[in-house]
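Please read the structure below before turning to the comments.
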Amino acid sequence: MEALLETCLFPECPKKRDSRGLCHAHYGVARVLVKRGTCSWESLEAAGKSLPISKGGSRPGKSQRWFMGEAFPEIDAPIDGPF
């Protein structure tokens with residue numbers, strides 16, 4: 001039963017939840033529909049097709065933080081050796 005709680009809300013989708021209870025692919029589909037005004041996150045939540053956004057928020061991942069300007073010496077260090 002616990003594995004069910006970690007999988008995407010979309011019927012028969014075995015992928016792990018990414019955001020709002022949906023896997024990356026299904027979240028993308030829902031996001032496009034919301035952006036187009038076809039539906040809202042609130043209506044999807046009411047229908048049980050999405051979960052509310054987590055209020056705690058998560059820290060952006062390392063890639064996001066790097067693009068936003070955070071320095072990572074192990075990434076930004078010059079590469080030694082011939083090319």
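Some points to look at:
- When the GluC sites (Glu not before Pro) in region 5-52 are filtered for DSSP coil states and for at most 12 other beta-carbon atoms within 10 Å of their beta-carbon, the remaining sites are Glu12.
- Environment charge of Ala25, counting only residues whose C-beta is closer than 10 Å and scoring Lys/Arg +1, Asp/Glu -1: 0
- Among residues other than Leu9 with Cβ under 13 Å from its Cβ, the summed charge is +1 (Lys and Arg +1, Asp and Glu -1).
No lab work stands behind these numbers, since they all come straight from the coordinates. Since the model is a prediction, treat every value here as computed from it, not as a measurement. Heads up, the Cβs are rebuilt from the backbone with ideal geometry, glycines too, and the neighbour counts pull from every protein chain shown.
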